[in-house]
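The values are calculated or read from the model by the stated rules, or taken from the named source; none is laboratory data. Since the structure is predicted, the reported quantities are computational estimates derived from the model, not experimental observations. Note that we place each Cβ from the backbone using ideal geometry, even for glycine, and neighbour counts take in every protein chain shown.
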Amino acid sequence: MAQKRSSSSNTKRKTSASRPKSSSNAGKQKQAQPVPQVTFKDLFHRFSKTRFFRPLLIFVITVLIIGLDLLISWNSYNVFFMLVGIELLIGLIIWIVMLLKSASASPENQEPE
């Protein structure tokens, strides 16, 4: 009987010691990858690539300029309209200069005569 006990204890030792090492590695491989955090900069960059960004930006800038004109004029209509007129003239001049600059910068688009 003593021999049976020792042989059974030897088999237990062998089975417990002979565990495959790949099972412990498999547990490490299944760990979840950290989720990247989305920042405001990432969201703004994504939004700036959409078609809705430019019209919204133009609207916000226009409202800010008119609001500043109203604050400066303090309900004096003459001052308000003079400021808006000056800003429109400056915008028109800048637009014409940029239009002329872009037309003169791309002569390769025109066909030779």
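Things worth noting here:
- Some residue of region 39-50 being surrounded by 10 or more Cβ atoms within 10 Å (Cβ to Cβ), modelled with pLDDT of 75 or more, hydroxyl-bearing (Ser, Thr, Tyr) and part of a helix (DSSP H, G or I): yes
- Among the residues of region 70-87, none qualifies, meaning not one is surrounded by 10 or more Cβ atoms within 10 Å (Cβ to Cβ), among the polar types (S, T, N, Q) and within 18 Å of the chain's Cα centre (by Cα).
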